[in-house]
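Please read the structure below before turning to the comments.
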Amino acid sequence: MRYQTEITINLPREQVIRLFDNPDNMPKWMKGLVYFETFEGEAGQPGAKSKLKFEMGKRKIEMVETIIKRDLPDEFTGSYETQGVYNEVKNEFQEIDAQHTLYRTEHYFRFDSWGMRAMAFLMPGAFKKQSRQYLEDFKSFAEAEAHA
């Protein structure tokens, strides 16, 4: 499954990148994130692997992030793997003008279990909705943080 999402953030690209690129900010906009730690490679650099833990209600999800490409301020691509799901996300940041940034994500999902394949087939909108929610949450966080 492949799809794109995008949102305009009312901040200069430099500010958006500074907020996006700080792992301490992740729990401020990624609902449910309770743990993030790099365990292999240099944090934030291609090849680095980090463990992420999410708590969403009664569900607990652990995943491994692997940084594939870091070419900021233009692009940051990573893969996220958990229980039968591989997700690759390309984050792009384009300057619209001096005060606005287009934040676009491209998502690729591969499902290694029949259960997850069935869920993706029956409910593709759930994946897109979650991706959209992360963009909206990041926009809200970034704009509020910049004006605090």
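The values are calculated or read from the model by the stated rules, or taken from the named source; none is laboratory data. Remember, predicted model here, so these are calculated numbers, not experimental data. Here Cβ is always computed from backbone atoms with ideal geometry, including for glycine, and neighbour counts include all displayed protein chains.
Side notes on the structure shown:
- Among the residues of the range 18-43, those that are out of contact with any strand residue (DSSP E or B) (no Cβ under 7 Å at 6 or more places or on another chain) and among the polar types (S, T, N, Q) comprise Asn22, Asn25.
Yes or no, residue by residue, for (1) within 30 Å of His147 (Cα to Cα); (2) loosely packed, with under 13 Cβ neighbours inside 10 Å:
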| residue | (1), (2) |
| --- | --- |
| Ile7 | yes, no |
| Val34 | yes, yes |
| Glu37 | yes, yes |
| Glu40 | no, yes |
| Pro46 | no, no |
| Glu65 | no, no |
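- Single residue of the range 95-134 satisfying the filter (at pLDDT 95 or above and surrounded by 15 or more Cβ atoms within 10 Å (Cβ to Cβ)) that is nearest to the chain's Cα centre (by Cα): Thr105
- Answer residue from the range 58-69, given it is in contact with a strand residue (DSSP E or B) (Cβ under 6 Å, 6 or more places away or on another chain) and of a type outside the set (Val, Ile, Thr) and is farthest from Gly44 (Cα to Cα) among those: Glu62
- Looking across the range 45-67, the residues that are part of a strand (DSSP E or B) and in contact with an Asp or Glu (Cβ under 7 Å, 6 or more places away or on another chain) come down to Lys49, Ser50, Lys51, Leu52, Lys53, Met63, Val64.
- Within the range 135-148, the set of residues being surrounded by 15 or more Cβ atoms within 10 Å (Cβ to Cβ) and farther than 11 Å from Lys31 by Cα comprises Leu135, Lys139, Phe141, Ala142, Glu143, Glu145, Ala146.
- Qualifying residue in the range 68-76 (condition: part of a strand (DSSP E or B) and in contact with a helix residue (DSSP H, G or I) (Cβ under 6 Å, 6 or more places away or on another chain)): no
- The one condition in (1) without any contact (Cβ under 8 Å) to a residue 60 or more places away in the chain; (2) surrounded by fewer than 17 Cβ atoms within 10 Å (Cβ to Cβ); (3) among the polar types (S, T, N, Q) that Ser50 fails to fulfil: (2)
- Screening Lys31 against (1) within 20 Å of Val85 (Cα to Cα); (2) out of contact with any Asp or Glu (no Cβ under 9 Å at 6 or more places or on another chain) leaves a single unmet condition, (2).
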